[in-house]
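Here the structure is laid out as structure tokens; the discussion comes afterwards.
The values are calculated or read from the model by the stated rules, or taken from the named source; none is laboratory data. Every value quoted in this text rests on a predicted model; they were computed, and no experiment measured them. Because the Cβ atoms are built from the backbone with ideal geometry, glycine has one as well, and the counts that use them run over all protein chains shown. When the accessible area is computed, the model is the full protein with side chains, heavy atoms only, and any ligands, DNA or RNA have been set aside. Shrake-Rupley method; radii C 1.70, N 1.55, O 1.52, S 1.80 Å.
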Amino acid sequence: MKVLVIDDEPQIRRALRAGLERANCEVMLAANGDEGLNIAATSSPDVVILDLAMPGMDGYQVCKQIRTWSKTPIIVLSVRDSEDDKIQALDLGADDYLTKPFGVRELFARVRAVLRRTGGYDDEPSFACAGLNIDYAKRRVLLNTEEVHLTPKEYDLLCYMAQNADRVLTHRQLLTKVWGPEYANDSHTLRVHIANLRNKIEEHPERPRFVHTETRVGYRFKSESH
């Protein structure tokens, strides 16, 4: 697995290189955004670990540019822990967000999670996770072999979250994708549909197994616990 680390702090780059190489990863390092973009374009990394606060081109700009030509998973690292910072990074195309300081084991778990994603249900005939099965061709959902009857919007919402399993999706991303750009700020509609979906696919909706809330940011469909 090839991992590109873009971070202006030498000690962070050294620590991540040491940890990732112990996990048998090929590690590429960049000290700024321009260098990181050049490496990303020429070396095709499997995942990018990106710092937000860098001089010159910051992580937001790097993320935005990578997303114009690549679907490579991006995990953002930052000392900033406000919801606005997380939402901005995720809306620009980051797959996950980790606040500094962080544990290397947690970072590895996030890397494994983003790499588990299949890349889209349009390319896969079905999705299966812990007794939940989605047959995309038949638009059919089964939970422990019992059919689950969803409304069209509930089904589209579930499919988009399953397509992006283990990735934080912001309220705006979900609303824009499932309902359209004109609904981008209609958080009430999303909350109602998430609640209805949980009632239909979760054994304990108050303690969801699949659809987890990322407070004030969005939701994450968890394919497994980590």
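Could you tell me how many of the residues in the range 45-60 are surrounded by 15 or more Cβ atoms within 10 Å (Cβ to Cβ) and farther than 13 Å from Leu4 by Cα? So that I can check it myself, show each step before the final result.
Here is the first cut: in the range 45-60, the ones surrounded by 15 or more Cβ atoms within 10 Å (Cβ to Cβ) are 45-54, 57-60.
Going one step further and asking which of them are farther than 13 Å from Leu4 by Cα, we end up with 52-54, 57-60.
Residues meeting the conditions: 7.
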Sole miss for Thr42 among (1) open to solvent by less than 50 Å² (accessible area, probe 1.4 Å); (2) modelled with pLDDT under 90; (3) assigned to a helix (DSSP H, G or I) is condition (1)
Exercise for review: Check the range 152-165 and report whether any residue there is small (Gly, Ala, Ser) and free of Cβ contacts under 8 Å to residues at least 60 places away in the same chain.
Suggested key: yes
Of those in the range 177-226 that are in contact (Cβ under 8 Å) with a residue 60 or more places away in the chain and open to solvent by less than 20 Å² (accessible area, probe 1.4 Å), the residue nearest to Val114 (Cα to Cα) is Phe221
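Which residues, taken from the range 65-107, are in a helix (DSSP H, G or I) and buried (at least 16 other Cβ atoms within 10 Å of the Cβ)?
Scanning the range 65-107 gives Gln65, Ile66, Asp85, Lys86, Ile87, Gln88, Ala89, Leu90, Asp91, Leu107.
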Checklist entry - For the range 161-169, does any single residue satisfy the condition of being modelled with pLDDT of 90 or more and surrounded by fewer than 20 Cβ atoms within 10 Å (Cβ to Cβ)? => result no
Glu124 fails exactly one of (1) farther than 27 Å from Arg22 by Cα; (2) at pLDDT below 90; (3) under 18 Å from the mean Cα position of the chain (by Cα), namely (3)
Scanning the range 84-107 residue by residue, those modelled with pLDDT of 85 or more and among the hydrophobic types (A, V, I, L, M, F, W, C) turn out to be Ile87, Ala89, Leu90, Leu92, Ala94, Leu98, Leu107
